[in-house]
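Let me begin by presenting the structure, written as structure tokens, before commenting on it.
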Amino acid sequence: MTSNQIAMLITILVYLAVMVGVGIWSSRKTKNVRDFYLGGRKLGPIVTAMSAEASDMSGWLLMGLPGVAYLTGLAEASWTAIGLAIGTYVNWLIVAKRLRTYTQMCGNSITIPDFFANRYRDKSKVLMCVSALIILIFFVPYTASGFAACGKLFSTLFGINYHTAMIVSAIIIIAYTSIGGFLAASTTDLIQSIVMTIALLVIVGFGVNLAGGFDAVMTNAESLAGYLSFDKIHNVETKAADDYSLLTIASLLAWGLGYFGMPHILLRFMAIEDSNKIKTSRRIATVWVVISLAVAIFIGVIGNAATFAGEVEALTGSNSETIIIQLSNIMSKIGIGAALVAGVIIAGILASTMSTADSQLLAASSSMSENIIGGVLGKKLSEKQSMLCARTVLIVIAVVSVFIAWNPDSSVFRIVSFAWAGFGATFGPVMLSALFWKRSNRYGAIAGMIAGGITVFVWKFGISKLGGAFAIYELLPAFIIACIFIVVVSLATKAPEKEIVDEFDSVKKVMAESSAK
């Protein structure tokens, strides 16, 4: 290992040590299970905003999006980013405050399955059980993809054994999350969002200079057929511009629908201390997301220009997702100072992965310990036993995730895309109906959740293989079908009890009074 690589590694190790330190600090403020899973509902507006978005973006922001732009140009990356930006804003605008208010008034719910069960007074616990199982089904492999990304990162940069790197990374994430719980995850997410921002900005400046300046970057992009178009994409193999249909664009915009069902994001809404400050959080979150997505796409364009200039080796297929790592490697060879800066960039990639993995671990852990063990199975635990159970389940889930990620050739971003669709289609429609439709009932919620989940699998592995109009992102058709099932089944079954309707009206009244202030 060269001196420059050692400098990069030291920067990354310092960063990891800080994360563990935050976990230890947070543990002093984590007194019970509600603190462990929801931070005692004491998050400030800045921490709420940045932790929500950092836990959302994952390694996809610094690797996946630039990789797509690098290969095919603006269309696919930009329409996806636009869908995500709109979804972010609308989620904060219509869901955040209402969910914060409703979950506190509705049995002081601390998890999403808790809220669904309490909202519909589901004494059978079927709704809670189905919700918790869905979280486990989609979050365990999602977490595994994060561990795999960490392993690949260290293996590629430093030649460290993939399995060793993955296990060490997993131990760090497990350490600060199991020690400090939700507060640790949220605080480290804030730090990680800052590191991610620094990484994006630094790599843009370095990449533009490496490619020969801004004019050289744009000249290269303009020379590639369809590269800067929004209705065509650049075909790497034929060097021609392929058409991009309106249906495909709508499919990409549908990424935004996923936000309504993301447990790790929705939990941030539930945890904010003052619901009246959600507007501040919304503004911070939206601005950061828009700027970060735009910069990430531009990095892909820069990387392509750097390749044309002969500074970066041509990348194909999934290797295009390593463009930031390639640029960081080149930077690290300039000198020790540059290597330290490159270390910050790599820490940014690591941060984007860790910020999602920790939140996923907490959500999956709460589903098992609180909702399945405590709720469905009815095991009564003392406060001390509940905390021990929470931490034990978190560690077990992490170990299972490590085994799932054991194959170094496992696909990271295919899993992320599929899990996003899974949560968006199962929880999104149910969340919207629970918050905004008085007539919805538990039968409709259960039917919609199951229908959405089944459609995601069937469309992904069956219908989409037919090609043509069917080759769209599975989230869009699954979301629509889930909504239809919720409406039809709710209207075809018994209307909600007076107690449920009165609670809905009470929440509506509180929201109206809050808006009038």
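List of remarks:
- Qualifying residue in the range 258-268 (condition: charged (D, E, K, R) and crowded, with 23+ Cβ neighbours inside 10 Å): yes
- Verdict on Leu266 being without any contact (Cβ under 8 Å) to a residue 40 or more places away in the chain and either of a type in the set (A, V, I, L, M) or closer than 11 Å to Thr88 by Cα (or both): no
- Some residue of the range 112-135 being open to solvent by 10 Å² or more (accessible area, probe 1.4 Å) and on the phi > 0 side of the Ramachandran plot: yes
- Residue in the range 240-263 that is under 17 Å from Thr80 (Cβ atoms) and of a type in the set (D, E, K, R) present: yes
- On inspection, Val301 does not qualify as of a type outside the set (S, T, N, Q), open to solvent by less than 20 Å² (accessible area, probe 1.4 Å) and assigned to a loop (DSSP other than H, G, I, E, B).
- Top-ranked residue in the range 189-231 [being under 14 Å from Gly303 (Cα atoms) and β-branched (Val, Ile, Thr); ranked as surrounded by the fewest Cβ atoms within 10 Å (Cβ to Cβ)]: Thr219
- Filter pass, Asn91 being modelled with pLDDT of 90 or more, in a helix (DSSP H, G or I) and farther than 28 Å from Val289 by Cβ: no
- When Ala363, Ala314 are checked against the criterion of being of a type outside the set (D, E, K, R), modelled with pLDDT of 75 or more and touching a helix residue (DSSP H, G or I) at 6+ places or on another chain (Cβ under 7 Å), Ala314 stands alone in meeting it.
- Residue selection: Gly151 fails the criterion of being more than 30 Å from Ile297 (Cβ to Cβ) and at pLDDT below 85.
- Taken over the range 259-318, the criterion of being among the charged types (D, E, K, R) and within 20 Å of Leu61 (Cα to Cα) is satisfied by Arg268, Arg282, Arg283.
- Qualifying residue in the range 311-322 (condition: under 17 Å from the mean Cα position of the chain (by Cα), surrounded by fewer than 24 Cβ atoms within 10 Å (Cβ to Cβ) and either not in a helix (DSSP H, G or I) or not hydroxyl-bearing (Ser, Thr, Tyr) (or both)): no
- Filter result for Trp79 (open to solvent by 40 Å² or more (accessible area, probe 1.4 Å), modelled with pLDDT of 90 or more and part of a helix (DSSP H, G or I)): yes
- Unique match (being closer than 19 Å to Asp215 by Cβ, among the aliphatic types (A, V, I, L, M) and open to solvent by less than 30 Å² (accessible area, probe 1.4 Å)) among Ala296, Ala271, Ala285, Ala306: Ala306
- Within the range 221-270, tally of residues that are of a type in the set (Ser, Thr, Tyr) and closer than 21 Å to Thr143 by Cα: 1
- Number of the exception - Gly226 against (1) outside any loop (DSSP other than H, G, I, E, B); (2) at positive phi: (1)
- On the stretch given as the range 86-108, residues that are more than 26 Å from Thr286 (Cβ to Cβ) and either without any contact (Cβ under 8 Å) to a residue 12 or more places away in the chain or polar (S, T, N, Q) (or both) total 2.
- Hits in the range 235-261 (condition: assigned to a loop (DSSP other than H, G, I, E, B) and among the acidic types (Asp, Glu)): Glu237
- For Phe154, the stated conditions do not hold, so it cannot be described as of a type in the set (Phe, Trp, Tyr) and under 23 Å from Pro263 (Cα atoms).
- Odd one out for Met105, checked against (1) under 19 Å from Thr426 (Cβ atoms); (2) more than 20 Å from the chain's Cα centre (by Cα); (3) open to solvent by 10 Å² or more (accessible area, probe 1.4 Å); (4) hydrophobic (A, V, I, L, M, F, W, C): (1)
- Listed by first and then second residue, the pairs linking a residue in the range 139-162 that is in contact (Cβ under 8 Å) with a residue 40 or more places away in the chain to a residue that is crowded, with 21+ Cβ neighbours inside 10 Å and of a type in the set (D, E, K, R), with Cβ atoms under 6 Å apart and 6 or more places separating them unless they lie on different chains, form an empty list.
- Qualifying residues in the range 459-480 (those that are under 23 Å from the mean Cα position of the chain (by Cα) and over 21 Å from Leu84 (Cα atoms)) - the one surrounded by the fewest Cβ atoms within 10 Å (Cβ to Cβ): Phe461
The values are calculated or read from the model by the stated rules, or taken from the named source; none is laboratory data. No experiment lies behind these values; they were computed from the predicted model shown. Backbone-built Cβ (ideal geometry, glycine too); neighbour counts: all protein chains shown. When the accessible area is computed, the model is the full protein with side chains, heavy atoms only, and any ligands, DNA or RNA have been set aside. Shrake-Rupley method; radii C 1.70, N 1.55, O 1.52, S 1.80 Å.
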